[in-house]
Amino acid sequence: MSRLQTVDTATKGSRIGESAIRPDGVPKVKGEFVFSNDLRHPDMIWGGTLRSPHPSARIVSINTTPALKMTGVYAVLTSEDLDGMPLYGLEHPDQPVLADGVVRFQGEPVAIVAADHPDNVRLALEAIDVEYELIEPLSDSKLAQENEAIHPDGNLFREININYGNSQEEGEITVEGTYEVGMQDQAPLGTESGMAVPSEDGGIDLFVSTQWLHADRDQVAACLNLPPEKVRLTLAGVGGAFGAREDISLHIHLCLLAMRTGKPIKMSYSRTESFHGHVHRHPAQMWYRHHAKSDGTLIRIEARLLLDGGAYASTSSAVLANATCFAAGPYRVPNVEIYGAVVRTNNPPCGAMRGFGCVQVCFAHEAQMDKLAVELGMDPVELRVKNALEPGDQIITGQTITGTAPVAEVIETCAQHSSSVGPASQQMELPGGAGRTADPKHIVRGEAIAVGFKNLMFSEGFDDFSTASCQLLDGVATITSACAEVGQGFVTLAQQIVREILGVEEVILAPASTASVGSAGSTSASRQTWMSGGAVKSACDAVRIKLLSRIAESHDLDVESLVIVDGGIASLSSEFSISLKEATSDLVEAEEVYRHVPTFPLDENGQGNAHVSFVFSAHRAVVDVDQELGLVKVVELITSQDVGRVLNPLQLQGQLEGGAAQGLGLAVMEEINVVDGRILNPSFTDYLLPTALDMPPVEIAALIEQPEPNAPFGAKGVGEPPAISSTAAIASAVRNATGLDLHRVPIRPTDIVFPERNDND
Amino acid sequence: MGVIIAKSVNEACAVLAENPAATVLAGGTDLMVQVNRGTHSLETVLDLSRIPELKKWTMEDNQIILGAGISYTDLTHPQLSAFFPALAQAARTVGSPQIRNAGTLGGNLATASPAGDTIPVLVAMDASMQLKSSTETREVSITEFITGVKANALKPGEIIESIKVPIFKGPQEFLKVGTRNAMVISVVSLALVTDYLERKLRIGVGSVSPVPFRATEAEEFISDKFDWETNRNLSEKVINKFSELVANSTEPIDDHRGTANYRKHAVKVLAKRALERVSAGDIK
């Protein structure tokens, strides 16, 4: 048992390295936390969205007159009513606020309605008459580049070639494979929701659940044709994100309706609407050929990757950069030729999701390493360790790893950890679970290990920064940051950092708002502990210096002799001491902007120092498979992770468990089924997430604590790796159990039962 | 919209006679999905969940009469599950604990889904149902009641009062395939009920045809071959023939939960495994 599973009861005053309790934890458990869907205003009205039922069509006409005449209806808006920027997008504005003449995916917003009651919103939406002329949807990503453009920007979002080394030599051993990853959904429990309130200055206040307030603010302001300072976004309680809230959803619609009606307005997506209303994980098709010497040394990797970006750009180009840069896995490979493309289709738009391009390629490169091990007659762990990246090595973009890279350590500790599962003792624990389909004699067991890696923070020259201010008054610290708390625990960590540096017990977190502080950047890319943690740390350090200088000056002491200890300031060279409360009866404050080291774009060969830092993880999975029915039960997950330094053991454990559950989902059940551009399962009835019977306990074999140079407190982000190598390990374990060449996730029952035919394809 | 909370079956029937278009609410686990999806709009709602008579069960002759308001959780109670283990096993596969606490046997039948979890068991056992209106009480068999995909024989003004389930002596099995280990809609399900007194094996299958049904040809074959003295010694050939007969009687479809080929294959596996289990068990 790892030390994390026996953490002591946390105390209120916990500092760095301790399991401080989340300030929002108790209210969430008691149902008292106000999520965005709980927002209320005494004068509020309701908004709703009319969406295209077709994945591809021309809009011939829209008649809103019947809807406008209905009881309780305040406004019906279409693209004709827009007077700001008609398009938005995180990296590149290419998505219409409201469809203008064309719809490019099923669920694309066509019109929006404001009414006094949700029922009247629904009736008004039904009364809008849209005439569509259907177009054959472009639903096969393989055909996108040769197909007629379905958008003025064309069908190719981005292509990347990575050419590293110069040898075209064939290996003594080569293995080849094609791999496929289905479309996963982030499935946060809180659906998109928010409230817009028009203000007297002609501006607007928007309360919304999001991952990045300032990026939203800038897009909303442009579309409303307002200066950014007149659009104030405040974070509303976020019910999970995982990438689904990085893009705009209802933000602009809410503001348009509020501006038009002059009333506070609320909107909240249903679960089905949510499936249509946010981006998903990119489906991927991948071809790989690995070349190795007969002793297992990798000498060359060739790969071709195709990601389906769906109808609009979102973050597709950055996802592709990750997929290509990390395509070879955390291994030393002297020669690489990789081509990657992400294309536009009439499928649901895809964008950010935990793991961001690294999940798909990890599944493929780890399957290749297993194939290679078989071909070499070599132990798969030994093969991985032999080729594992080390500090000082270059990754395939030519970037030298200057930070820590304990790759062999994560693999070895994970592989060596002893398994604690015996054979299933109850029917419920067998594959099929509550359905009672299996008996122990039908079960085959398999086990496998996988390793993955990813970048931390934004890459390719992006100006990535976070802002925070600290005010210290009467012994109480107030931290202001626009960092979006989406469940990851930044609020806890911010308090721990303040207590660590300033020695205060009480730390207040001001609401996250664009009105009070500069951008914190996105809660994504495993970056907030490093970036906003870094900003809070900088602000606290500045406050500490100001405070000590002030005390030194007013008491005629040497500032170098002053220390903060036991809730007060003391001098090491005299008897002087003063309580923090007394010392801060006058406000001490500082605001700081934190930036990581600069990064650079990739050149035409995909070379360059594009990334800040790298993080590594390994998973080992044990699975039971009922081969006759094709049902799988993951019975054990063991993990080791490169964490730099543990800042909050309990929250770290939560990330490792939750991420592994998401990885398990992709391995064996989570998939948005899209046929001809249409989603067949937009509900939790049929989009299956792992239950307690599907998810085994996560055993933490090791947390590798090698402090990362340049990282605040030496800590690496931890949120994404658990979702990267877990999927690959589980898929590999199912291959190990069945002996089948399973080249696709999620693994469906038919893939196991009818391996020779593509019953689902 | 108004909600009428009935306190007795008679009161409920009287309300329905006056408002034949009223939506009947029991556990709400199917109805609320439709309401949230916008496929069912509510005008007048008649709530049956607070009628004590509907939650009772009694024994009459060799049959158990189950009130239509009995929940899935109730069916898994040892007192009841002892009479029909397969029905309890089927009830346990439904949803989550919260769903099983709310959802009712009567509701499962009224919804009449091809994937309704309790239905293959009730079909296998030849259960019958008492339907009641303000003017009439009638009894129909389960197979008469379920008339098609999500279609039932309820007339306007009628509610399901109770379900009559015969007690059979002998082991029972219910197996259900879903692509998650719990809380999943059935891709294929099968119930096998042995009847030692009549020397008959009864088989109900679900999710492989518009309505769950009994695989009669397979039943006749296996009832004849079964060794009713020792309960054992079935040859592999017999088991295979039996499972093929079950599979051949189905007419599954392709949908996003599974393909027809897979369903046909899986029902064969379930038939084989259910038979192996009952023939390995001791005669009770």
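The values are calculated or read from the model by the stated rules, or taken from the named source; none is laboratory data. Note that the structure is a prediction, hence the values are computed from the model and not measured. Positions of Cβ are generated from backbone atoms using ideal geometry, with glycine treated the same way; all protein chains shown enter the neighbour counts. Each accessible area value is taken on the protein alone, full model and side chains, heavy atoms only, with ligands, DNA and RNA left out. Shrake-Rupley method; radii C 1.70, N 1.55, O 1.52, S 1.80 Å.
A single entry from A:ALA468, A:ALA515, A:ALA525 fulfils the requirement of being of a type in the set (A, V, I, L, M, F, W, C) and over 25 Å from the mean Cα position of the chain (by Cα): A:ALA515. Kindly establish whether A:THR750 is within 14 Å of another protein chain (Cβ to nearest Cβ) and in a helix (DSSP H, G or I). Yes: the conditions hold for A:THR750. In the stretch A:250-268, the condition of being of a type outside the set (Asp, Glu) and within 14 Å of chain B (Cβ to nearest Cβ) is met by at least one residue.
A quick yes/no check of all residues on (1) more than 14 Å from chain A (Cβ to nearest Cβ); (2) surrounded by 14 or more Cβ atoms within 10 Å (Cβ to Cβ); (3) over 22 Å from the mean Cα position of the chain (by Cα):
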position: B:ILE5; (1), (2), (3): yes, yes, yes
position: B:SER8; (1), (2), (3): yes, no, yes
position: B:ALA26; (1), (2), (3): yes, yes, no
position: B:THR29; (1), (2), (3): no, yes, no
position: B:GLN63; (1), (2), (3): yes, yes, no
position: B:ASP74; (1), (2), (3): yes, yes, no
position: B:PRO78; (1), (2), (3): yes, no, no
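Only residues that are open to solvent by 70 Å² or more (accessible area, probe 1.4 Å), hydroxyl-bearing (Ser, Thr, Tyr) and assigned to a strand (DSSP E or B) were counted across the stretch A:550-601, and they come to 1. Selection of the stretch A:161-200 for residues being under 25 Å from A:ALA221 (Cα atoms), charged (D, E, K, R) and surrounded by fewer than 21 Cβ atoms within 10 Å (Cβ to Cβ) yields only A:GLU200. Of all residue pairs spaced 6 or more apart or on separate chains, those with beta-carbon atoms under 9 Å, a first member in the stretch A:631-659 that is more than 30 Å from A:ILE443 (Cα to Cα) and a second member that is among the charged types (D, E, K, R) and assigned to a helix (DSSP H, G or I) are A:ASP642/A:GLU409; A:PRO649/A:ARG3. Of all the criteria given as (1) modelled with pLDDT of 95 or more; (2) more than 28 Å from the chain's Cα centre (by Cα), the one not satisfied by A:TYR179 is (2). In the stretch B:3-19, the residues that are within 15 Å of B:GLY67 (Cα to Cα) reach residues that are open to solvent by 70 Å² or more (accessible area, probe 1.4 Å) with C-beta atoms within less than 6 angstrom, at least six apart or across chains, in these pairs: B:VAL9/B:GLU53.
Residue pairs whose Cβ atoms lie under 7 Å apart, sitting 6 or more positions apart in sequence or on different chains, and linking a residue in the stretch A:81-94 that is touching a residue at least 40 places away in the same chain (Cβ under 8 Å) and in the same structural domain as A:LEU254 (by TED's automatic domain parsing) to a partner that is open to solvent by less than 20 Å² (accessible area, probe 1.4 Å) and of a type in the set (Gly, Ala, Ser), are A:GLY89/A:ALA313; A:GLY89/A:SER314; A:LEU90/A:ALA215; A:LEU90/A:SER314; A:GLU91/A:ALA313; A:HIS92/A:ALA313; A:ASP94/A:ALA313.
Screening the stretch B:85-111 for residues that are open to solvent by less than 20 Å² (accessible area, probe 1.4 Å) and in contact with a Pro (Cβ under 9 Å, 6 or more places away or on another chain) and picking the one that is farthest from B:GLY28 (Cα to Cα) gives B:ALA86.
Of all residues in the stretch A:684-718, those that are assigned to a loop (DSSP other than H, G, I, E, B), under 28 Å from A:VAL319 (Cβ atoms) and open to solvent by less than 20 Å² (accessible area, probe 1.4 Å) total 8. Residues in the stretch A:656-683 that are within 14 Å of chain B (Cβ to nearest Cβ), in a loop (DSSP other than H, G, I, E, B) and more than 29 Å from A:MET457 (Cβ to Cβ): A:MET669, A:GLU671, A:ASN673, A:ASP676, A:LEU680, A:ASN681, A:PRO682, A:SER683.
Determine if the stretch A:351-369 includes at least one residue that is open to solvent by 10 Å² or more (accessible area, probe 1.4 Å), within 14 Å of another protein chain (Cβ to nearest Cβ), basic (Lys, Arg) and in contact with a helix residue (DSSP H, G or I) (Cβ under 6 Å, 6 or more places away or on another chain). No - not one qualifying residue is present in the stretch A:351-369. Residues of the stretch A:731-747 that are within 22 Å of A:ASN322 (Cα to Cα) and either open to solvent by less than 10 Å² (accessible area, probe 1.4 Å) or assigned to a loop (DSSP other than H, G, I, E, B) (or both): A:ALA731, A:HIS743, A:VAL745, A:PRO746. Can you name the condition, by its number, that A:SER469 falls short on among (1) in contact with a Lys or Arg (Cβ under 9 Å, 6 or more places away or on another chain); (2) farther than 20 Å from A:ARG22 by Cβ; (3) not assigned by TED's automatic domain parsing to the domain that holds A:SER726? Looking at each condition in turn, A:SER469 falls short on (1). Just one of the numbered conditions (1) touching a Ser or Thr at 6+ places or on another chain (Cβ under 9 Å); (2) within 30 Å of B:ASN36 (Cβ to Cβ); (3) away from chain B (no Cβ under 14 Å) is not true of A:ARG271: (3).
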